[in-house]
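The values are calculated or read from the model by the stated rules, or taken from the named source; none is laboratory data. Just so we're clear, the structure is a prediction, and the values are computed from it rather than from any experiment. So basically every Cβ, Gly included, is an ideal-geometry build from the backbone, and we count neighbours across all protein chains shown.
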Amino acid sequence: MPRKQLDTLTEPMYYTLIALLNPRCGVEITDFVLALTSDRVCLVPGTLYTMLSKFESENIIEEVHVEGRRRTYVITGKGKAMLKEEYIRLKKMITEGEPWLSRYKDE
Amino acid sequence: MKKKYKFMSFYAFENKVLEQYLRKMANKGWKLVKLQGLLKNMMIFEKCEPQNIYYYVDVGTNYSIMFPNSTNPSQAQYRAFLEEYGYDFVSSNGPIEVYSSKEESKLPIHEEDETRNEELRKIAKRELLVNIFLPLLYIFIGRQMFTGAVNFYFANIDIVLGFFYVFVACIWLSMLYPYVRWLVHKKKVYKLRNIILRTYLQICMAISLTISLFFFMNENLGLVSILFIIILMIVKFITWIDERAFTYKKKLLMKIITLILFGYLLFSFMLQYTLYSVLHQDVRDSDKQAGIILPSLQMKEVTGFQQESMFSEVIKTYDKDTADFTYIHLKNTLLKGYMKARILNEQKYKKVAESSGLTIYQGNDNQLLIAKDNQMIVFHDTKIKDEVLKDIATFYASQN
């Protein structure tokens, strides 16, 4: 049965892929995302593990290094393309919403 | 090292309560070492200094249903992943995985939100299904051994088997009830005190039912106890495979062994079922089927009725006027020919005469055996031999 491709990324997925632009392991991803979003997005291990295995099976990320039991992942070309697409989509959303929503900027 | 065995029935959705309980035990100086048991209920604690250990209970669906204590590669990977976050894996019994850490962790394993609730609900439903069908398998296995042995030892099979079903049904339903309650009553979880009470109730029920089961079988108490020990040994053997041999390195080999084992169980169950259904039919019809009872040997007094084995039944009779004889009815099973040969071989019967389906054999002590299809009559008193032969002649004269 063919699997359904991921078309849009959720917030945790987006930040995980950003974190994996450099090779990182589980805890490092969580710490990076916490620092990046100033504690707003917290990737708990249970969710992160499921997400990583899903990404790996879809060839969005790959395992680069196994040190003891610690596994390090990095984003693949396919993943980078997806991230780029998502970035463009998000930017487009901002520009398109700008004329209507810019008045809320100061609040 | 001093050890403590606790029988506790925690369910997958009671993870928070289990965390509390384990922490309380650690505070009292009992550290959890292992979760164990076919019915997922045994906890083994080890004596230690009273200390503060934080426990985290994770529930999931990634485990082997037949061998819940085994570890598959993705489970090992998941545990290693959680280790990075400071969760040390303690033990697992399939759905429930226990992790510990010395300090309170900043991050929970799962976020308590609506998605997680939905996941828990799915897990509980799956567990409910497993708990419905897995005991069924054990009931079949238990029944298989039980009836074989009870038949073998001449117990009153109907009463004992009936009671066996009641016994199993009570325990089974008490196991299923908390799932149904949780799924129906909007995720209402029992308090720790009630869980302990529930466990005690289950234990009391199991013990009292076991005692009364023994009481029912008082005539064969010793023999059936041996049977129970054999069953327990087999259960222990299955857990031994489960714990030690079923590792993921030998996965293919173990899969083949398990396949053969369960293939055999299925085969033996089907065989038992076939034999047993035939047996019941025959018992009901046995009165009508007394095909070769002769006029001069009408049964006056039946002194004993025995279920000799699964394959034959014996009616011992004694007639004051004539003699005593034994009526044997062979079950219509695959082993009919074998049983017949065995009976003939016992007294070294030799064929004397044969005529239109009726065969007469003479045994060692001048016993006479008359066989027709599945039915046999053995005359123990040689004095009446001539009389019987005369009777048979008359019988056949009237037939033709």
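Among the residues of the stretch B:375-400, the one identified as at pLDDT 75 or above and either over 42 Å from the mean Cα position of the chain (by Cα) or among the polar types (S, T, N, Q) (or both) is B:Gln375.
Taking the conditions (1) within 14 Å of chain B (Cβ to nearest Cβ); (2) not in a loop (DSSP other than H, G, I, E, B) in turn, A:Gly79 satisfies each one other than (1).
Can you say whether A:Leu20 is at the interface with another protein chain (Cβ under 9 Å from one of its Cβ atoms), within 21 Å of B:Tyr78 (Cβ to Cβ) and either among the aliphatic types (A, V, I, L, M) or touching a Lys or Arg at 6+ places or on another chain (Cβ under 6 Å) (or both), as far as the supplied structure shows? It is false that A:Leu20 is at the interface with another protein chain (Cβ under 9 Å from one of its Cβ atoms), within 21 Å of B:Tyr78 (Cβ to Cβ) and either among the aliphatic types (A, V, I, L, M) or touching a Lys or Arg at 6+ places or on another chain (Cβ under 6 Å) (or both). Please determine, by comparing only the residues of the stretch A:70-106 that are within 15 Å of the chain's Cα centre (by Cα) and small (Gly, Ala, Ser), which one is nearest to B:Tyr85 (Cα to Cα). Across the stretch A:70-106, the extreme among qualifying residues is A:Gly79. On inspection, A:Val66 qualifies as at pLDDT below 85 and within 14 Å of chain B (Cβ to nearest Cβ).
Applying the criterion of at least 1 residues that are within 21 Å of B:Phe7 (Cα to Cα), within 14 Å of chain A (Cβ to nearest Cβ) and β-branched (Val, Ile, Thr) to the strands (runs of 3 or more DSSP E) found wholly in the stretch B:44-150 leaves B:54-59.
With respect to the conditions (1) away from chain A (no Cβ under 14 Å); (2) at pLDDT 85 or above; (3) touching a Phe, Trp or Tyr at 6+ places or on another chain (Cβ under 8 Å); (4) surrounded by fewer than 19 Cβ atoms within 10 Å (Cβ to Cβ), B:Leu32 lacks only one, and its number is (4).
Within the stretch A:30-57, track down each residue that is more than 10 Å from chain B (Cβ to nearest Cβ) and either under 17 Å from B:Gln77 (Cβ atoms) or touching a Gly at 6+ places or on another chain (Cβ under 9 Å) (or both). Correct list: A:Met51, A:Lys54, A:Phe55, A:Glu56, A:Ser57. Candidates A:Ser57, A:Ser102, A:Ser38: the one that is under 22 Å from B:Asp113 (Cβ atoms), surrounded by fewer than 16 Cβ atoms within 10 Å (Cβ to Cβ) and either touching a Leu at 6+ places or on another chain (Cβ under 9 Å) or of a type in the set (Gly, Ala, Ser) (or both) is A:Ser38.
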